[in-house]
1. Quick check on packing: order 115-126, 208-219, 39-50, 193-204 by the mean number of other C-beta atoms within 10 Å, highest mean leading.
2. What number comes out for accessible area per residue over region 123-274 if the probe is 1.4 Å? Units Å², please.
3. Hey, what do the phi angles of region 9-17 turn into as Karplus ³J(HN,Hα) couplings, whole Hz, using 6.51/-1.76/1.60 and θ = phi - 60°, x for Gly and Pro?
4. Work out, step by step, the length gained on full extension between GLN264 and ASP177: first 0.36 nm times the residue separation, then minus their alpha carbon distance; give nm to one decimal.
5. Volume per residue, Å³, of the convex hull around the alpha-carbon atoms of region 12-110?
6. Determine one quarter of the surface area of the Cα convex hull of region 84-186, which equals its mean projected area, and express it in nm² to one decimal.
7. FRET efficiency for SER237 and LYS193, Cβ-Cβ distance as r, R0 = 25 Å, nearest 0.05?
8. A 20 angstrom limit on the alpha carbon distance is what I want to check against. Which of LYS74/LYS97; LYS97/LYS311; LYS266/LYS327 exceed it?
Amino acid sequence: MRAVVITQHGAPEVLRVQERPEQAPGPGEVGIEVAAAGINFADVMARQGLYPDAPKPPTVVGYEVAGTVSVVGKGVERFTAGDRVMAGTRFGGYAEKVNARETDVVALPDRLSFEQGAAIPVNYLTAYLGLVRFGSLQAGERVLVHAAAGGVGIAATQIAKAHGAEVFGTASPAKHDALRGFGVDRALDYTKKGWEKGLPKIDVVMDAVGGPSFRRSYNLLRPGGRLVCFGASSIVSGEKRDIVNAARTALRMPRFNLIKQMSQSKSVIGLNMLTLWDELGSLEPYMKALEEMIEDGTVDPVVAASFSFDKAPEAHRYIGERRNVGKVLLTP
Ligand SMILES: NC(=O)c1ccc[n+]([C@@H]2O[C@H](COP(=O)([O-])OP(=O)(O)OC[C@H]3O[C@@H](n4cnc5c(N)ncnc54)[C@H](OP(=O)(O)O)[C@@H]3O)[C@@H](O)[C@H]2O)c1
């Protein structure tokens, strides 16, 4: 089968289509003929060598796919060949075929395309966990979503609105009309220095920009507020790993002071889906929430662009150059 391989760390051109051996699904696994594979910002970081949790090259990354069940392993009860599904994959998603654990697979309703399906697992689970499960979002609260025009950003906006929150969102200014279309009540241009001055206090901030942004976000919280830290996209600059910028950004991450936090009554929450996935052995407890959000219409994935496997370098470049409004996908 064909797969997109990170052949070595570097610029987008290190992504190459190669033949890889096909494996039959093991017990409890579902074999999926991939129609679309989601690209995540973590993949861009992995390609550059800035994501320590990713396997070393040569490797096939990719956390999520949508497609058709081709064959099921022993003991699988919920799916049969021909079912339309989406699934979380622990790497290996950029391939024509994947095997996913039954507990990490969700039925894909007919109203959603395969591209939309592959845009769901990571973005919506991350947004749900950050806002609802750990961020305890309540109706009437005010949320600030950073990178609100991105994959997680749009998912977070949709989930926050469905919970009755007021949503502020940051993005490059050219994306602001789109933000409002997705339900953002107030679009903020973070490229302007001092953009945060005069804002009202915030209940929950979703911040995956990292570096000094965490401190700014913390300062915007009201007492009782929660800052969800779940990434550090600001360590990426340019197409190749820039160790000096990455180190500088890492050094500018705030060290939070617990005594201050107590007296200010503010929470800082760290969130990493991979760690939770490891801890639980599957995403099963959270997949239920995903199914409910799909059913009640909260999940309305926005596809920015789809690229064929051989155009994978362009797909990564598209994200790295901040051109995406919504999710970027690969199709075999
Ligand atoms: N912890 C977890 O489990 C978890 C899970 C999923 C995602 N994440 C994190 O969440 C963030 C968003 O991920 P995503 O996959 O949804 O990506 P995305 O938001 O669809 O794409 C990246 C967007 O981030 C903004 N951005 C900010 N700094 C950037 C930089 N240095 N280089 C390029 N773009 C930058 C750009 O939007 P503007 O033009 O508006 O700046 C860009 O369009 C990433 O940091 C990712 O690592 C974490």
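The values are calculated or read from the model by the stated rules, or taken from the named source; none is laboratory data. Remember, it's a predicted structure, so these values are computed and weren't measured experimentally. No Cβ is skipped: glycine too gets one built from the backbone with ideal geometry, and neighbour counts run over all protein chains shown. When the accessible area is computed, the model is the full protein with side chains, heavy atoms only, and any ligands, DNA or RNA have been set aside. Shrake-Rupley method; radii C 1.70, N 1.55, O 1.52, S 1.80 Å.
1. Sorting 115-126, 208-219, 39-50, 193-204 by mean packing, highest first, produces 115-126, 39-50, 208-219, 193-204.
2. Working: 6750 Å² over 152 residues.
So region 123-274 comes to 44 Å² accessible per residue, rounded to a whole number.
3. Whole-Hz 3J(HN,Hα) from phi for region 9-17: 5, x, 5, x, 5, 6, 7, 10, 7.
4. 27.8 nm
5. 103 Å³
6. 7.7 nm²
7. Efficiency, from the Cβ-Cβ distance: 0.90.
8. Table pairs above 20 Å Cα-Cα are LYS266/LYS327.
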